[in-house]
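Heads up, the thing below is written out as structure tokens.
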Amino acid sequence: MDVTIKDQPALRVAGVRHIGPYHEIGRAFARVGSIAGGHIGSGSRMIGIFHDDPESTPTDRLRSDAAITLPGNTPSPDGLIEQRLPAGRYACVLHKGEYEGLPGVWAALKKDWLPASGYRMGSPSYELYLNDPMGTPKAELLTEIYMRLA
């Protein structure tokens, strides 16, 4: 696993909250897409934000947000909640392939890389989706995983 440590700037995002298993966030992304359709692609990217550790938080209480990034002074689309993700140090991994493979990358990052790194996991962490899943073959999807470090 190729992990890079990055100092990330704060990000403005707008989205909707999902409570429950992280793998069910797709419905929230569908809502974001229907609300923000025209904003996606104009410098905005889809982003999944994860606030809790699924190993210590009951599944029905996991908090995540399906959102879009808001570059510059881009206004937040009506119907989405704007928030800021904090600047800070993050472990970054690029995943190429279908989204169903993301939980395995997270597991390896947390169970293999993190204990040997000397860091602790912070919150929130996020996934930045670099291409459009509607027009990209699953094997070609690119996702940057950002684990906040403490």
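Values as computed for the structure displayed
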| quantity | calculated |
| --- | --- |
| Amide H partners (placed H, <5 Å) of L80, local residues excluded | none |
| L130 paired with Q8, simple spin-label distance in nm, labels 7 Å along Cα-to-beta-carbon | 1.4 nm |
| Amide H within-cut-off set for N131, under 5 Å, with H built and near neighbours excluded | L142 |
| The range 4-148: projected area of the alpha-carbon convex hull, averaged over directions, in nm² | 8.4 nm² |
| Nearest-20 debye value, the range 4-148 charge dipole, Cβ charges on Lys, Arg, Asp, Glu | 300 debye |
| Cα long-axis angle, helix 26-36 against the chain (0 to 90 degrees, to the nearest 10) | 40 degrees |
| Charge tally in the Cβ shell below 13 Å around R84, where Lys, Arg are +1 and Asp, Glu are -1, R84 excluded | -1 |
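Values quoted throughout were computed directly from the atomic coordinates according to the rules given, and no laboratory measurement underlies them. Only a predicted model underlies this, so the values are computations on that prediction, with no experimental measurement involved. Please note: Cβ atoms are built from the backbone with ideal geometry, for glycine as well, and neighbour counts cover all protein chains shown.
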